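Data block below; observations after.
The values are calculated or read from the model by the stated rules, or taken from the named source; none is laboratory data. It should be emphasised that the depicted structure is a prediction, and the values quoted were computed from it without experimental measurement. Please note: Cβ atoms are built from the backbone with ideal geometry, for glycine as well, and neighbour counts cover all protein chains shown. We work out accessible area using only protein heavy atoms, side chains counted, and drop any ligands, DNA or RNA first. Shrake-Rupley method; radii C 1.70, N 1.55, O 1.52, S 1.80 Å.
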Amino acid sequence: MTVEQLAPPQVSTGRVAWLRENLFSGWANSLVTIVLGGSLILFAVLLADWAVNQARWGVITANLRLFLMGFYPLDQAWRVWLTLALFSSLAGLSAGRSRLGPVRTLVIWFGVSQALLAGLAAVAALEAISIPGRLGQFEEMVAVTVAFLANAAIVFAVYWLSLRIQTPRWLLPLGWLASVPMTLLLLQGIGIRGLPLVSSSTWGGLLLTFLLAIVGIVLSFPFGVLLALGRRSDLPALRWLSTAYIEVVRGVPLVTLLFMAAVMVPLFLPGGVRIEHVYRAMAGITLFSAAYVAENVRGGLQAIPSGQIEAAHAIGLSTIKTNLYIVLPQALRSVIPANVGLFISLLKDTTLVAIAGTGLLELLGIGRSVLAQTQWVGAQLEVYIFISAVFFVLCYTMSQASYRLEEALGVGKR
């Protein structure tokens with residue numbers, strides 16, 4: 001007797017079959033799909049009508065420079081563009097020298113975003129020239145457009161050159177480390193002719209948001225790694241100090257640390273010593289974020305089998321070399337998702353500096369100051385939609401770069 005062979009089951013379905021199976025499988029499911037679909041379409045139509053015919057987007061174009069750099073002096077704006085050119089050059093060099101695709105993707109998006117900002121500045125320039133008496137704003141927006149286009153070109157030009165000209169690998173991390181003090185030096189100045197002092201209280205908008213986030217991320221990561229290692233140390237004093245710091249800081253809201261940095265720190269400084277508000281805010285954000293980084297890294301360290309550490313010691317590796325070459329690479333690789341989520345939260349938490357008594361106006365603070373202008377009363381929705389869109393683009397870019405980095409490093413795979 002012969003047995004009839006059955007064909008394998010159909011595992012792929014067409015679009016119509018997928019819709020029938022997932023959205024219209026029964027009368028109740030079909031009714032919910034129709035009601036929700038109709039509501040979404042109606043909402044999209046009303047939103048598009050408001051955005052095209054009713055919204056006052058002039059509040060964004062008329063105050064674009066404030067959103068970008070706050071109240072930074074106009075005659076010294078070249079220092080901001082020079083700082084951006086420095087980061088654009090380092091970003092292009094990183095994309096060319098990195099073996100990881102996510103780094104190149106992130107850098108390409110960095111260049112594209114500058115081109116998009118140049119387009120927004122061009123729209124603001126066209127709007128300014130159409131209104132009598134706004135010639136100064138037109139010239140200002142033209143300069144912003146040219147600066148963003150030049151920096152976008154720098155990103156791709158340095159990327160192209162780095163693919164063809166081999167530079168020493170030590171040059172890249174050295175450049176990124178040197179960029180932090182160089183940035184602060186350029187923006188604040190040293191009080192000489194050509195580079196006068198600019199108070200950090202004038203820094204604002206997207207410039208201040210980027211500075212707070214980048215400094216917080218760059219400094220909190222190594223500090224957090226050291227705290228995690230200290231919490232697992234065999235030295236009781238070091239372990240207790242690290243544990244006490246982590247638990248105390250994690251038990252206090254960030255806004256409390258920012259208030260303490262703004263109000264209480266000056267009380268403990270000797271007379272004549274004054275620390276700028278922006279540096280105190282950077283310190284508060286860094287110290288707060290480092291405690292959470294330490295706990296994330298500690299979780300990665302605990303996931304490393306003890307047999308690997310014992311094997312490293314058996315072949316003669318010291319504790320420092322064991323952590324540096326065996327434990328930390330695996331631990332840091334496994335906690336990439338947690339740390340990126342923390343850094344995205346840190347980026348959004350920079351908005352707290354505007355309410356912590358520091359006098360600093362980051363992107364959200366600038367939005368509030370713009371709404372205080374009499375001609376833009378009632379334009380809250382437009383301003384907050386713009387600010388939300390900026391934060392969404394930044395956070396989405398970070399999350400997508402994280403996903404690609406996890407895929408490239410094989411996070412979660414053996």
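Structure summary
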item: In range of the label at Leu23: residues from the stretch 40-72 whose backbone nitrogen is under 17 Å from the point 7 Å along Cα→Cβ; result: 40-45
item: Added length on full extension, which subtracts the Cα-Cα distance from 0.36 nm per residue, Ile315 to Val252; result: 18.3 nm
item: Fraction of accessible area attributable to carbon and sulfur, the chain (%, probe 1.4 Å); result: 70
item: P(r) tail fraction, the stretch 12-60 - alpha-carbon pairs more than 18 Å apart, %; result: 54
item: Rg to Rh quotient for the stretch 29-112, alpha carbon positions, Kirkwood Rh; result: 1.24
item: For the stretch 177-286: Kirkwood Rh in Å [reciprocal of mean 1/r, alpha carbons]; result: 16.1
item: Vicinal HN-Hα couplings computed from phi for the stretch 202-210 (Karplus, 6.51 cos²θ - 1.76 cosθ + 1.60; Hz; Gly/Pro x); result: 8, 6, x, x, 5, 4, 5, 4, 5
item: Alpha-carbon spread of the stretch 107-250, three principal axes, descending order, Å; result: 71, 42, 33
item: When the convex hull of its Cα atoms is projected in every direction, mean area for the chain (nm²); result: 34.3
item: Length released on extending from Arg15 to Leu82, taking residue separation times 0.36 nm less the Cα-Cα span; result: 18.9 nm
item: C-alpha center-to-center spacing [the stretch 328-351, the stretch 359-377] in angstrom; result: 30
item: Surface accessible to a 1.4 Å probe, per residue, for the residues of the chain, Å²; result: 56
